[in-house]
Structure formats: structure tokens, C-alpha cells
1. Write out the GluC sites (Glu not before Pro) in the stretch 1-61 meeting two conditions: DSSP loop, and at most 16 other Cβ atoms within 10 Å of their Cβ.
2. Taking 26 Å as the cut-off for C-alpha to C-alpha distance, list the pairs among 67/95; 14/95; 14/67; 68/113 that go past it.
3. Tell me, what is a quarter of the convex hull surface for the C-alpha atoms of the stretch 1-72, in nm² with one decimal?
4. Taking the square root of 5 times each eigenvalue of the Cα gyration tensor, what semi-axes in Å does the equivalent ellipsoid of the chain have, largest first?
5. List the GluC sites (Glu not before Pro) within the stretch 97-149 that fall in a DSSP loop (any state other than H, G, I, E or B) and whose Cβ has at most 15 other Cβ atoms within 10 Å.
6. Need the C-alpha centroid separation for the stretch 113-145 versus the stretch 1-60, integer Å.
7. For the stretch 119-136, list residues with backbone N below 17 Å from a point placed 7 Å from the Cα of residue 21 toward its Cβ?
8. Quickly work out the residue 71-to-residue 139 label distance, labels modelled 7 Å from Cα along the C-beta direction, and quote it in nm with one decimal.
Amino acid sequence: MKTYSATPAEIDKKWILIDAEGIVLGRLASIVAMRLRGKHKATFTPSMDMGDNVIIINAEKIQMTGKKREEHFYWHTGYPGGIKSRTKEQILEGKHPERIVTMAVKRMLPGNKLSRVQMTNLRVYAGAEHPHEAQNPDVLDVASMNKKNTRS
């Protein structure tokens with residue numbers, strides 16, 4: 001039995017729309033990272049960009065558990081000594097609330113050249129509007145995927 005390895009001609013990319021309103025940040029980031037890598041496909045090949053194009057809307061309405069909004073400080077300019085501490089709450093209320101989701105997804109991917117290419121397939125928008133209607137994205141209901149099984 002031979003190992004299957006996909007070629008670029010065999011890759012089928014879809015467009016997926018995810019509404020982040022009321023979704024916990026870490027759960028959303030792990031689902032999106034899996035979709036960006038293409039691990040949900042039976043033809044997954046680790047060395048190829050197999051993932052789908054993902055559109056995330058309502059990033060400003062993301063949920064966080066515990067006290068992460070108030071107590072989690074981070075931000076760096078990229079320059080030596082460039083630490084600027086801001087809470088997640090300050091970033092969400094600022095100009096670019098979509099950066100919280102983008103950074104969470106980026107940190108769920110492996111740190112290599114391929115993941116940088118896969119991050120270009122992610123589009124995050126703070127509000128409910130997005131300019132990708134022409135691609136006819138399929139809606140992925142992440143809220144129903146994360147419901148806990150409760151016993152009666």
C-alpha cells in the first residue's frame with residue numbers, strides 16, 4: 001500500500017464563513033486552524049496548502065473565559081524593547097479588534113513557511129459585513145459544534 005500525496009492540481013479549496021459572535025476564542029482558533037491547514041480533509045498532505053479560505057465576521061463580539069479580557073497583557077512592536085502592554089479588552093475596544101482572532105489562529109498553526117502561506121487564506125472582519133459575497137461561502141456553524149453533551 002502506497003502513501004497518498006496530493007498534487008496542486010488535486011487541491012479543492014472552498015470558502016467558509018464563520019460568525020464569531022458568542023464563540024470562545026480558543027475553540028474558534030483551533031477549528032479555524034484545522035480548516036486552514038486542511039486536516040479535516042481525507043486527502044490531507046502535510047507539505048501542501050490543502051486548507052480552505054476562511055472568513056470570520058463579528059470578531060469584536062468574541063467571548064473569553066475567566067478573566068482573560070482584563071488580565072492578559074500582550075503586544076509587541078517587533079523592535080527590540082518594543083513591548084507595549086495592552087489588555088485584550090483594550091485591543092477589542094480599539095481600532096483593530098480583529099487582531100485578537102488573527103493572533104490566536106496564527107499561534108495555533110506550526111511556525112513554518114507553509115503556515116505563513118496558509119494565514120493568507122484567513123480574512124477576519126470586526127463587523128458583520130464582508131466583501132466576499134461573490135465567492136458564495138458556505139456557512140460553518142461553530143456554535144453548534146461546541147455545545148457540550150449534557151446527560152438527562
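1. Working: sites: 10, 21, 60; in loops: 21.
Counting only loop positions with at most 16 other Cβ atoms within 10 Å, the GluC sites (Glu not before Pro) in the stretch 1-61 are 21.
2. Values: 67/95 22 Å; 14/95 30 Å; 14/67 36 Å; 68/113 30 Å.
Check vs 26 Å cut-off fails for 14/95; 14/67; 68/113.
3. Values: hull surface 25.9 nm².
Over all viewing directions, the stretch 1-72 projects a mean Cα-hull area of 6.5 nm².
4. On the way: eigenvalues 157, 81, 52 Å².
The answer is 28, 20, 16 Å, longest axis first.
5. On the way: sites: 98, 129, 133; in loops: 129.
Here the sparse-neighbourhood loop sites are 129.
6. Centre-to-centre distance over Cα atoms comes out at 10 Å.
7. Taking a point 7 Å out along Cα→Cβ of residue 21, the residues of the stretch 119-136 whose backbone N falls under 17 Å are 125-131.
8. Computed distance between label sites residue 139 and residue 71 equals 3.7 nm.
Each reported figure results from applying straightforward, stated rules to the coordinates on display, with no laboratory input. Remember, predicted model here, so these are calculated numbers, not experimental data. Every residue, glycine among them, receives a Cβ derived from its backbone with ideal geometry; neighbour counts consider all protein chains shown.
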